[in-house]
Structures are given as C-alpha cells and as structure tokens.
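Here the structure comes first, spelled out in structure tokens, and everything after it is commentary.
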Amino acid sequence: MNSRNNSCFFGGTAQNAWLWRRASYITICFRRIISARAGVAWALTLGLLGASPLAWSNAVELGKALEQGLENGQAAWLDDGQGKFFAVFNPDLSGQPKGGVIILPDADSHPDKPQVIRPLRDRLPLHGWATLAIQLPPLDRPAGYLKQRASIDERINAAITYMRNNGFDNLVLLGHGSGAMAASQYLSSQSSEFIRAFVAISLGVLHGQAKDDSIPGQLETINLPILDIFGGNDLEYVTGTARQRALAAKVSSDSATRTNQLEAYRHSAIAKSSNQKSQGYISYRQIRIDGASHDFSGAEIMLARRIIGWLERHAKGVSVNR
C-alpha cells in the first residue's frame, strides 16, 4: 500500500501519531473483513459466530477450534489441575500498561465470542489494559456456575498466575452473565491480593438460593470497588433486581467504613460531600445502558467506554512489573 493509499485510509491524517498507534487494531479489522468474505462457512463450522460451548463434545475440542480461527490475541492453554483449558491473551497496545483484566464469559459463550467478549478484548488493550479471556466449564444457564464452583475457582487461580507471570499484579476480574455470577462467587469466598476490582456485566439475582449462594449475599461481603453495568433491555432477573444488588453492595461498603477496612479501596476515586467536610471511597457504581440487550449488540462501544472510564478512576495506580 503506497503513501497515497495510506493517506486516504486514514482520512488524510496519516501523520497523526495517535492514529498510527492503532495500526495493529486496523490490521485486525482488515483481517476480519477478508476472513468474513473468504471463510464464513469455515467460521460457522468452528462455532465462532455464536455456537454454544455446550454443543462441543469436550472443552479441548472447542479450544482447538477457537485457536484455529483466532484473528486477534494470543492463544494460551492454562492448567486448572484437572487438565488444560483454552484462553486468549491480548497484550497492552498503549505503551502505558495499567493492569490486566481477567474475563469470564457467559454460560453460552467463549473467549472469542463476537458479542461482549471480543469487543472488550479489542478495546481494553488500546487503553492500557491487557486482557485474558478464559473458557469456563460448560454451564447450564443461568445458575450452572454453582455446580462447577471448584473448577471455576481453579481456573480463575490459574488465570491470576498466568497474568502475574506476564508481569501484571494489578488485576481486575470481569464477568458477563453467568461469568459475572461465577466471579461474584469467587470474590466472596476466595482472597487474592492481586484482584483489585470487580466488573459485573449483566449480573442477575436468582430467587430461592441460600444467602451464601445468592448474589446479594455475596455482594455484602466483597470488599472491592465494583462496577455493576447492564442493559436497559437486559434479562428480567438482571434489570428487575438492580436495586436489590445496589442495597447489598451498600452493606459491604458501610461495613468496610465502619471497621476501617479500606485498604482495598486505596486506588479508587474519592467522593466528597456537598459541604466538603466529609469524604469516602466510591466502592460501588451501577450503570444502566439504555436500549442495550443482554449481548449488547450495537452497544459494544458504549459498554467498553463505560468500563474503561471506570477502570481509569477506580482500578489503575499500581505499577505493572515489566
């Protein structure tokens, strides 16, 4: 491609340095266009356009299929003590790394799902956040994570180890749907000094669960900055329980303040009262994206922007070991 074509592609601003920093992202876009035109049938065979992990006979088969069709990111095979499982690592592309985000997909999703997961893997690294999206065990939606609790915990531990081995000690746990439920379960029962924040996308509340297994019961015990983000047209057990989640999270933040257990919030933004005489850490934020569905189709950019903005205020600030 000659310089004239380069200039046309960048809208006549090829010399702008910030556009060139996104060269790798643009290359990814080209590859996806070419792949879409030349290999749609192949992608369908691999299940990359939406097939559920439950449709595959085993996780290794799914992982190998995803690895073959992977266009963006580095395939990684992690070990949870029971065997290998597939993950996708995307390094920081900004040159100013702020931390790493471990991504847990929804029950019928996978580390390269075109909805929610792949858009976040594309965009977070542009703003200093490396990502590691991991394959969860097959889950029956929406509460299947409870049956796979031990296995999921080991996979999250393996993901933490992988990220730390790549130099990231400032980590965020992010989950979508059942993945958010699994992350909530992990954070309420496990302790990791390296997980500094929790991003829950489309986190729902199921009725009839014991308190320790319920999302409100777990949110009451999670002593971390939490972003609770969901779509205005999300599933009913997500939209209809937003207030319940907010009240539960307030219990945790009130307890942390009362007992002076504020170490986990030291990188979070500080909110001052209107009279400027009192202040406290912002431990919980709930955001509703109007018009967005559970898979955020058409709202991927807004979802990523909201998450990136929140991470900037509440999760950065710890140096990345390089």
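On the basis of being at pLDDT 95 or above, within 26 Å of G298 (Cβ to Cβ) and assigned by TED's automatic domain parsing to the domain that holds A299, does P119 make the cut? Taking the combined requirement at face value, the residue satisfies it. Candidates are the residues of the stretch 216-249 that are aliphatic (A, V, I, L, M) and either in contact with a Pro (Cβ under 6 Å, 6 or more places away or on another chain) or outside any helix (DSSP H, G or I) (or both); the one that is farthest from G175 (Cα to Cα) is A248. Going by what's in this entry, would G177 be described as of a type outside the set (V, I, T), in contact (Cβ under 8 Å) with a residue 60 or more places away in the chain, surrounded by 23 or more Cβ atoms within 10 Å (Cβ to Cβ) and within 27 Å of R288 (Cβ to Cβ)? When the stated conditions are applied, G177 passes them.
Quick one: is A107 free of Cβ contacts under 8 Å to residues at least 24 places away in the same chain and either more than 24 Å from D153 (Cβ to Cβ) or in contact with a helix residue (DSSP H, G or I) (Cβ under 8 Å, 6 or more places away or on another chain) (or both)?
Details: free of Cβ contacts under 8 Å to residues at least 24 places away in the same chain: no; either more than 24 Å from D153 (Cβ to Cβ) or in contact with a helix residue (DSSP H, G or I) (Cβ under 8 Å, 6 or more places away or on another chain) (or both): yes.
Judged against the criteria, A107 is not a match.
For the stretch 257-271, the condition of being in contact with a Pro (Cβ under 6 Å, 6 or more places away or on another chain), surrounded by 12 or more Cβ atoms within 10 Å (Cβ to Cβ), part of a loop (DSSP other than H, G, I, E, B) and modelled with pLDDT under 65 holds for at least one residue.
Residues being hydrophobic (A, V, I, L, M, F, W, C), more than 15 Å from the chain's Cα centre (by Cα) and crowded, with 24+ Cβ neighbours inside 10 Å: count how many of those fall in the stretch 130-151.
Looking only at that region, the number is 1.
Return yes or no: is A182 farther than 26 Å from I289 by Cα and surrounded by 24 or more Cβ atoms within 10 Å (Cβ to Cβ)? Judged against the criteria, A182 is not a match.
Filter the stretch 83-110 down to residues that are in a loop (DSSP other than H, G, I, E, B) and more than 10 Å from the chain's Cα centre (by Cα), then give me how many there are. Let's see the steps before the verdict.
Going through the stretch 83-110, the residues in a loop (DSSP other than H, G, I, E, B) turn out to be 83, 91-98, 105-110.
From the residues that got through so far, the ones that are more than 10 Å from the chain's Cα centre (by Cα) too are 83, 91-98, 106-110.
Qualifying residue count, the stretch 83-110: 14.
The values are calculated or read from the model by the stated rules, or taken from the named source; none is laboratory data. Being a predicted model, the structure only gives us computed values, none of them experimental. FYI the Cβ positions are ideal-geometry reconstructions off the backbone, even for glycines, and counts take in every protein chain you see.
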